[in-house]
Amino acid sequence: MIPPMVMWIRFRWFAIWVPLFLLWPVLVVLWLLFIPFVLLGMLVAGRISRFWKVIQLTLAAYVMVCALRGLRVDVRSDRTTFQIHLI
Amino acid sequence: MTSERKQILELLAAGKVSVEEAERLLQLTAGDSSAASGTGSASATSPRVSNPKFIRIMVEPVEGADSKQPLHHVNIRVPLKIVRAGVNLASLIPGEAGQIVQGSLLEKGFNSDITKLSGSALDELIEALQELSIDATVDNHTVKVFVE
């Protein structure tokens, strides 16, 4: 499973491509930094059993993000243009 | 007569599929049964899309369409996982184009409302699209709906 690497958006005259491949490593690092604090917080609060739920939720979110790869929406009418591609 | 053949003939009688589509479906069921009995290969000639990953909706104005009416160009490819997770297909299609797509589905016998597709209705649509693609002309627009 690979998440989308590039997002291309066009709304009317404005077009931009977003290099998502730069975002994912940052998010992974942030997640790795954040997760020990979550674990610690749950230990202190005595809710360590919920930690597995947090991991599951994160994995589910990752699977959904990966599923977005290949999404393509092109809508053009007389009034507006909207395009989004996730590659 | 097998239950599949009977179902296809019932769909034809109810006007939910065209004669050509019914013929194609009958050929498919014949292919399946011959493959099961080891006398032929259904998968080699079968147009069935196995393990589809995307649903594709295309709306294009027909050539020479009345330019006074608003014309829509829609080309949407949505991962089925996302649709199954609850993303509303209709939310990706602007209002009037959405009505055109809905009209094409109704024309082909799918009575489900695409704004409320979920669970069994969605599975039913995907299952049907694996066998057939929707190709209809509604309000000066050609509509194609298929899985890939």
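Label separation (residue B:14 vs residue B:120): 1.3 nm, computed from points 7 Å beyond Cα along the C-beta direction. Summary value for chain A: 44 percent relative contact order, contacts being C-alpha pairs under 8 angstrom separated by 6+ residues. Averaged over the residues of B:91-99, the number of partner chain Cβ atoms lying within 10 Å of the residue Cβ comes to 2.
Would you please give the FRET efficiency between residue B:48 and residue B:91, computed as 1/(1 + (r/R0)^6) with r the Cβ-Cβ distance and R0 = 25 Å, to the nearest 0.05? Efficiency at R0 = 25 Å is approximately 0.30.
Working ranking of peptides B:95-107, A:59-71, A:4-16 by packing, defined as the average number of other Cβ atoms within 10 Å per residue, highest first, is B:95-107, A:59-71, A:4-16.
Expressed in Å, the radius of gyration and Dmax of the Cα atoms of region A:6-86 are 18.6, 59.
What does the structure give for A:63-71 when I average, per residue, the other chain Cβ atoms found within 10 Å of the residue Cβ? Provide the component values of the computation, followed by the final result.
Numbers: counts 2, 5, 0, 2, 10, 5, 3, 8, 8.
So the per-residue partner count for this stretch is 5.
Can you bin the protein assembly as shown into rounded, prolate or oblate? Criterion: square roots of the alpha carbon gyration tensor eigenvalues sorted a ≥ b ≥ c, rounded for a/c under 1.5, prolate for a/b above b/c, oblate for the rest.
Verdict is oblate for the protein assembly as shown.
No lab work stands behind these numbers, since they all come straight from the coordinates. None of the values given here were measured: they were computed from a predicted structure. Cβ coordinates were reconstructed from backbone atoms using ideal geometry, including for glycine residues, and neighbour counts include every protein chain displayed.
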